[in-house]
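Notes for the one structure printed next.
The values are calculated or read from the model by the stated rules, or taken from the named source; none is laboratory data. Keep in mind that what you see is a predicted model, and the values were worked out from it rather than measured. Neighbour counts are summed over all protein chains in view; Cβ atoms, including those assigned to glycine, are modelled from backbone coordinates with ideal geometry.
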Amino acid sequence: MKNRLRSIMLLDDNPATNFIHKKFIKMAACAEKTVDFQSGNNALKYLQTNSDFLPDIIFVDINMPIMSAWEFLEEYGELVDNVEKKPVVILLSTSLSPADKKKAEDIEIIDDIRLKPLAVDVIHDVVDKFFPSLP
């Protein structure tokens, strides 16, 4: 990909998952920068500090301790409420229960739900779907 996204954020409590997903994003050659966090609190602090440079895509693991994906998304939604160009939010799960799927569909800021682990073709699919103007 010649033209790339500015940045992608990964939010998953498992550092090994973040490591693997960063490798796949690098292989997909779709972003200039990838940042990863193991807690929703740290991700929110980063977003608040870098509000002028929000990531283009945020991949959020559904099952996290301390601050769940749902709690993160509630606070994130307030943070970007007045932002014109909001990041694309993709919820990630190893297995999506019908209850979680329904809950995700009811949250407006969630753009898509994908199964983990990410792979290069899945990343390309997300980029093509939400950023069709990128070659």
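Worth pointing out:
- Listed conditions (1) closer than 20 Å to P132 by Cβ; (2) among the acidic types (D, E); (3) not in a loop (DSSP other than H, G, I, E, B) are all met by E78, apart from (1).
- In the stretch 48-71, residue nearest to K116 (Cα to Cα) [restricted to those that are assigned to a loop (DSSP other than H, G, I, E, B) and among the charged types (D, E, K, R)]: D56
- If the condition is being of a type outside the set (A, V, I, L, M, F, W, C), surrounded by 18 or more Cβ atoms within 10 Å (Cβ to Cβ) and within 18 Å of D106 (Cα to Cα), then the stretch 36-81 contributes D61, Y76.
- Per-region count, the stretch 1-35, residues at pLDDT 95 or above, polar (S, T, N, Q) and surrounded by fewer than 17 Cβ atoms within 10 Å (Cβ to Cβ): 1
- Residues satisfying the stated conditions in the stretch 78-95, i.e. farther than 26 Å from F53 by Cα and under 16 Å from the mean Cα position of the chain (by Cα): S93, T94
- Just one of (1) closer than 26 Å to N50 by Cβ; (2) surrounded by fewer than 16 Cβ atoms within 10 Å (Cβ to Cβ); (3) touching a residue at least 60 places away in the same chain (Cβ under 8 Å); (4) within 16 Å of the chain's Cα centre (by Cα) fails for L134. It is (4).
Here is a yes/no grid of residues against (1) in contact with a Gly (Cβ under 8 Å, 6 or more places away or on another chain); (2) charged (D, E, K, R):
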position	(1), (2)
L11	yes, no
F24	no, no
K45	no, yes
Q48	no, no
L54	no, no
S68	yes, no
E71	yes, yes
V83	no, no
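- Residues in the stretch 85-116 that are loosely packed, with under 13 Cβ neighbours inside 10 Å and assigned to a loop (DSSP other than H, G, I, E, B): K85, T94, S95, S97, D106, E108.
- Check on N42, free of Cβ contacts under 8 Å to residues at least 24 places away in the same chain and in a loop (DSSP other than H, G, I, E, B): no
- All of (1) without any contact (Cβ under 8 Å) to a residue 60 or more places away in the chain; (2) under 12 Å from the mean Cα position of the chain (by Cα); (3) not in a helix (DSSP H, G or I) hold for M9 with one exception: (1).
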